[in-house]
Amino acid sequence: MPSSNTSRVVLVTGASKGLGRTIAEKLAACGHRIVVNYFSSSAGAEKTVEAIRQAGGKAIAVRADVREPAQIAAMVAETKRVFGPIEVVVNNATGPQPMLPFEKYTWADFQDQLDFFVKAPVLIAQATLADMKAAKWGRIIHIGSEVVELGHTEFSAYVAAKAAMIGLTRSWATEFGPWQITVNLVAPGWIPVERHADIPESSREGYAQALPLRRQGVPDDVAEAVSFMASDGAGFVTGQCLSVNGGNTYN
Ligand SMILES: NC(=O)c1ccc[n+]([C@@H]2O[C@H](COP(=O)([O-])OP(=O)(O)OC[C@H]3O[C@@H](n4cnc5c(N)ncnc54)[C@H](OP(=O)(O)O)[C@@H]3O)[C@@H](O)[C@H]2O)c1
């Protein structure tokens with residue numbers, strides 16, 4: 001059980017499946033009240049909420065496109081009405097992540113990635129920061145990626161946008177620190193989720209065998225790291241990037 005001792009109101013963006021669902025379930029198991037944000041899959045979000053409630057936790061599903069300020073404002077207002085002000089934000093949502101040789105990318109491809117990994121965290125911070133400052137407590141946790149360290153080929157739109165999340169992490173940690181608002185980033189390696197179902201076992205095994213830990217990560221590995229960053233016990237940790245990738249990178 002991670003070292004969390006106060007029940008917080010937590011927003012997990014993109015929690016209708018994948019890593020977001022497991023992060024939401026783990027944080028609920030820590031006693032937090034969870035906003036399960038989703039975009040297109042209300043069934044997926046309800047599945048996450050149901051799993052949390054079945055386990056004795058508290059959660060609501062709220063639809064919002066995290067790239068749209070009005071929808072974020074409505075989500076924050078709905079959360080306040082049900083649970084109170086948001087105290088922890090987990091910026092997890094992602095759209096499609098096209099892999100292309102650089103010549104084939106358009107600026108729109110870069111803009112799409114920046115919309116998820118810069119615009120959405122910025123809009124959500126603008127909508128939640130005043131409450132965190134008033135409470136003199138808060139947690140902002142970005143889900144980054146190991147590809148920033150690895151410099152993955154034919155992935156520069158995603159890599160650049162994920163790298164920008166490190167900039168937000170460092171800059172906001174300095175700026176928001178006086179209010180005891182911590183800002184950290186958890187950088188997963190390749191963690192298979194639903195969207196990786198078609199990738200052959202041989203590719204998974206090849207990736208795993210190249211890792212110091214010789215196994216593929218699971219969503220729970222990421223969720224454990226996020227729950228630590230959200231906890232009271234992580235109160236003196238800010239501006240940091242924690243790789244959760246079996247030792248695949250240098251930081
Ligand atoms: N899995 C990995 O190997 C891996 C590795 C490194 C980093 N990451 C990072 O981890 C995070 C989660 O990845 P994942 O693999 O779990 O992704 P995923 O399974 O594709 O899930 C993406 C989530 O984002 C939501 N979403 C999509 N567009 C949205 C929008 N406009 N507004 C709000 N929510 C939206 C989806 O909701 P709907 O389904 O309802 O549309 C879904 O819940 C991402 O930031 C990703 O870059 C993942």
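Rule-based calculations on the coordinates, nothing more; no lab input. For clarity, every value in this text was computed on a predicted model and none was experimentally measured. Methodologically, a virtual Cβ is constructed for each residue, glycine included, from the backbone with ideal geometry; neighbour enumeration extends over all protein chains shown.
What are the residues whose amide H is under 5 Å from the amide H of residue 138, where those residues sit 5 or more places off or on another chain and H is modelled from the backbone?
Long-range HN contacts for residue 138: 181, 182.
If amide hydrogens are placed 1.01 Å from N in the peptide plane, which non-local residues have theirs closer than 5 Å to the one on residue 37?
Placed amide hydrogens put 12, 14, 15, 62 under 5 Å from residue 37.
Might you report the magnitude of the Cβ-based charge dipole of the chain about its Cα centre, with Lys and Arg at +1 and Asp and Glu at -1, to the nearest 20 debye?
Working: 23 positive and 24 negative charges, 148 e Å.
About 720 debye.
If I take every Cα pair under 8 Å that is 6 or more residues apart in the chain, average their sequence separation and divide by the length, what percent do I get for the relative contact order?
Numbers: 494 pairs, mean separation 53.9, N = 251.
Value for the chain: 21 percent.
Full extension from residue 100 to residue 70: what is 0.36 nm times the residue separation minus their Cα-Cα distance, to one decimal in nm?
Values: separation 30, 0.36 × 30 = 10.80 nm, distance 3.23 nm.
Gain on extension, residue 100 to residue 70, equals 7.6 nm.
Could you let me know the centre-to-centre spacing of the range 213-239 and the range 22-99, using Cα atoms, in angstrom?
For the range 213-239 versus the range 22-99, the Cα centre distance is 18 Å.
Quick one: what are the phi-derived ³J(HN,Hα) couplings along the range 37-48, Karplus 6.51/-1.76/1.60 with θ = phi - 60°, whole Hz, x for glycine and proline?
7, 8, 10, 10, 10, 5, 5, x, 5, 5, 5, 4
Taking the simple approach of a point 7 Å from Cα along Cα-to-Cβ for both residue 7 and residue 195, what is their distance in nm?
It works out to 3.3 nm between the two label points.
Could you work out the relative contact order of the range 72-148? I mean the mean sequence separation of Cα pairs under 8 Å and 6+ apart, divided by the number of residues, in percent. Write down the numbers at each step before the final one.
Numbers: 50 pairs, mean separation 39.0, N = 77.
After rounding, I find 51 percent.
Would you please give the FRET efficiency between residue 203 and residue 43, computed as 1/(1 + (r/R0)^6) with r the Cβ-Cβ distance and R0 = 41 Å, to the nearest 0.05? Can you show the working numbers first?
Details: r = 29 Å, r/R0 = 0.71.
With R0 = 41 Å, the Cβ-Cβ based efficiency is 0.90.
Quick one: Karplus J couplings for the range 133-150, per residue in order, coefficients 6.51, -1.76, 1.60, θ = phi - 60°, nearest Hz, x for Gly and Pro?
Taking θ as phi minus 60°, the curve returns 5, 5, 7, 6, 6, x, 9, 10, 10, 8, 9, x, 6, 5, 5, 5, 6, 7 Hz for the range 133-150.
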